[in-house]
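This report concerns only the one structure given below.
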Amino acid sequence: MAELLVIRHGQASFGQDNYDVLSELGHRQAEAVGALLREINWVPDRLVTGTLKRQRDTLSSMGFSKGEEHSGFNEYDFGDLLNARFKGDIPDLVSGDRRAHFRTLRETVFEWQDAAFEGASETYKAFCERVEAAQKFATDTDAKRVLVISSGGVIGQMTSVALGADKRHMMNLNLQIKNTAMTRFMFSGPSFSLHEFNATPHFMSQARSELLSYS
């Protein structure tokens, strides 16, 4: 069996005009998970990221060279989903209050899954299909250790499918995933199974516990 280690990107710039930029904390988180992989001698045979800057920069700050890219590992566009759901009139509270933001994120994704609004640039069905294509791309290889840098929604979707769970479980998992958390799958041919979810051993020491974040 081969391993697919999928790591969520480091903390991005929540609340800023350009979210797709790692914060200083995000770079430190990436450095910490990269250092852990070297400590345990986990050397990837293949590197893959989405095309988002925060994903590519996480891989770089982990200490790895540029990997292959597949856009199927990109996050869904929450801003686009909000615009479609609220028809461009997004409540101010959504962007100004963290609790309201994540409550609205959950509700919006559930409605997106149910095709309850129109106008989004990507349907939930299309999202599922591209994540599946990205997974197949990453595992169609002779490599025994594949490292992927992706995002919470994608990891939630991959995990939910591997568990055979219903579609709502994708979002419940998405909201749990910590920055630079490691989710590990085992694969061999068509066989694909979850081995470990949302692990952050690189934050378990007292010195590094302050690096933990969810957004």
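The values are calculated or read from the model by the stated rules, or taken from the named source; none is laboratory data. Keep in mind it's a predicted model, so treat the numbers as computed, not measured. Note that each Cβ is placed from the backbone with ideal geometry, even for glycine, and that neighbours are counted across all protein chains shown.
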Original post:
Got at least one residue in the range 25-35 being assigned to a loop (DSSP other than H, G, I, E, B) and either out of contact with any strand residue (DSSP E or B) (no Cβ under 6 Å at 6 or more places or on another chain) or of a type outside the set (Lys, Arg) (or both)?
Top reply: no
**OP:** Those residues that are more than 15 Å from residue 90 (Cβ to Cβ) and either among the small types (Gly, Ala, Ser) or part of a loop (DSSP other than H, G, I, E, B) (or both), I need them from the range 100-116; list them, please.
**Re:** 114, 115, 116
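When you look at residue 154, is it at pLDDT 95 or above, buried (at least 24 other Cβ atoms within 10 Å of the Cβ), more than 24 Å from residue 104 (Cα to Cα) and within 10 Å of the chain's Cα centre (by Cα), yes or no?
No.
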**OP:** Just give me the residues in the range 59-99 being in a loop (DSSP other than H, G, I, E, B), free of Cβ contacts under 8 Å to residues at least 24 places away in the same chain and under 28 Å from residue 132 (Cβ atoms), in sequence order.
**Re:** 65, 66
Subject >> Selection within the range 17-58 - in contact with a Gly (Cβ under 6 Å, 6 or more places away or on another chain) and in contact (Cβ under 8 Å) with a residue 60 or more places away in the chain >> reply: 26, 29, 30, 47, 48, 49, 58
**OP:** Test residue 180 against the criterion of being in the same structural domain as residue 43 (by TED's automatic domain parsing), surrounded by fewer than 17 Cβ atoms within 10 Å (Cβ to Cβ) and touching a Lys or Arg at 6+ places or on another chain (Cβ under 7 Å), and give yes or no.
**Re:** no
Original post:
Does residue 143 satisfy being of a type in the set (A, V, I, L, M), assigned by TED's automatic domain parsing to the domain that holds residue 11 and in a loop (DSSP other than H, G, I, E, B)?
Top reply: yes
